[in-house]
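Worksheet: the structure to be examined is printed underneath.
The values are calculated or read from the model by the stated rules, or taken from the named source; none is laboratory data. None of these values were measured; they are calculated from a predicted model. Note: ideal-geometry Cβ built from the backbone for every residue, glycine included; neighbour counts use all protein chains shown.
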Amino acid sequence: MSSPYADEEVRTVLGFARRLTGAAGALFLPLGPGPRVQTLGDVPAQPESLLSSDERGLLRAGELLWIPPRPAAPGSAFAPVTTYGGVTFGALGVLLPDTAENAAPPKELAELAGLLSHAIAAEAQRAEEGEYSRFFTLSLDHMAIAGFDGYFKLLNPVWEQTLGYTLEELYSRPYLDFVHPDDREITTNEKEELSRGAMVLTFSNRYIKKDGTLCYLQWNAAPSFERKRVYAVARDVTEAVEVARELKQSREAAEAASQAKSAFLAMMSHELRTPLNSVIGFSNMLLRDKDDTLSSEQRDFTERIRSNGLNLLGLINSILDLSRIEAGRVQPEVREVELVGLARDVVASLRPQVLDGVELEVDVPDRPATYRTDGGRLRQILLNLVGNGLKFTPSGAVTLRLLPISEAGSTAYAFEVEDTGPGIAPEHLETVFEPFRQVDGGAARRYDGSGLGLSISRSFADALGLEIEVESRVGSGTLFRVMLPAQA
């Protein structure tokens, strides 16, 4: 069995035991894990057999033993070897001649056992200190022992690498000299807290390196009042602090850019809508043509002006909605909304856009269905989804459904918008809600559009606590589902 204790010191005590008692042999037997068996002189090949389990128990209880001779075993005497805390971990024994009169005096044997305890404990302490010293030296963290007088007493080598000062320079001056002036007050306060009885403190401060640059240290520290020392471990968190600062600056810059963009879009949208409303208004006046003064060609041109103006106004309104969303100015106005009537109103509003060969259908329950939400935002979501279906369905049908759903004892609802258009490829389903994203450039140009409708719909849904799902197969059409949970 291996042992952390020095053989020489144990063997020295065993030699004392032999000379004192006149024994033929002496030995140290462990009574538990840790030290190994050590012998000196004439000792049986298996010295563990000299003690029974009962005798081991008596030794652990602190008794001195004289064991008479046995078959194939000489008489022996044993004394317990204990730690400073009184825990018995081994036994010092001597093997005596066959007469009890020659047994070792218990007092002397006990004194030798005590001497062996001290020797083993001292060696254990030296070994332990050596291990701690290695850890102290090899640690990548900054380990420090400082006095209540404000000076470092012991530092590990990593301090030299971090600060650029030698250990001698660091020992020669108060450690506050190396702390950034703005952090000296907090460092002094933490030191006073430790000296007043705080057991463990965690804090951060900045140290000035020899080259004038700064490093950020994060500390854990605890005091020893008996020795008037502070034991502390510091970690260099300079890189983490710099990364956090850069991330914060980048985030602030991105937020500022986003706000500037949103403000620009909002301003430009308002500026463009004023003259555009005039163009649309005068186009409507011309198309009334009560005196029938417009030729067929002139009426066609005027209708085209009006149609393109309306399309441009829709685009501007979408951009304005997007800028409001990005600026966080979408505030839902929640009230009771009658969903059946809302669905029919959406379909009625879009019927003028239905092309020949396309059916626009509405499938709703026969009785009213109410739901608390922002009716205006929900209507915009449905207008965008149904309008999108009409845009991409050259023939077939676009259907708006309202489905009641039972959810945990309450009634939830779902709007479904299903078309028979070309469908969306699986790899594009995750991107259809991104701003200005159009699934197929050729199709988008053929059917027109800005790529904002679905993005705005998703943003409105998020603001209202709703969810939008999409299912599609190429060549079989697309289904958008707006989930209205019982508790939105």
Filtering segment 148-166 down to residues that are surrounded by 15 or more Cβ atoms within 10 Å (Cβ to Cβ) and either assigned to a helix (DSSP H, G or I) or of a type in the set (Val, Ile, Thr) (or both) yields 158, 159, 160, 162, 163
When residue 422 is run through (1) buried (at least 17 other Cβ atoms within 10 Å of the Cβ); (2) touching a strand residue (DSSP E or B) at 6+ places or on another chain (Cβ under 6 Å), the failure sits at (2)
Please work out which one of (1) at pLDDT below 85; (2) more than 30 Å from residue 140 (Cβ to Cβ); (3) of a type outside the set (A, V, I, L, M, F, W, C) is the condition residue 226 fails and give its number.
(2)
For segment 351-373, name all the residues that are β-branched (Val, Ile, Thr) and touching a Ser or Thr at 6+ places or on another chain (Cβ under 8 Å).
358, 362
Please enumerate the residues belonging to segment 41-83 that are in contact with a Leu (Cβ under 9 Å, 6 or more places away or on another chain), hydrophobic (A, V, I, L, M, F, W, C), over 16 Å from residue 95 (Cα atoms) and modelled with pLDDT of 85 or more.
58, 59
Tell me yes or no: at least one residue of segment 453-463 is assigned to a loop (DSSP other than H, G, I, E, B), in contact with a strand residue (DSSP E or B) (Cβ under 9 Å, 6 or more places away or on another chain), modelled with pLDDT of 85 or more and of a type in the set (Ser, Thr, Tyr).
no
Would a scan of segment 348-368 turn up a residue that is hydroxyl-bearing (Ser, Thr, Tyr) and modelled with pLDDT of 90 or more?
no
Residues that are farther than 18 Å from residue 357 by Cβ, out of contact with any Pro (no Cβ under 8 Å at 6 or more places or on another chain) and crowded, with 21+ Cβ neighbours inside 10 Å, drawn from segment 375-387:
378, 381, 382, 384, 385
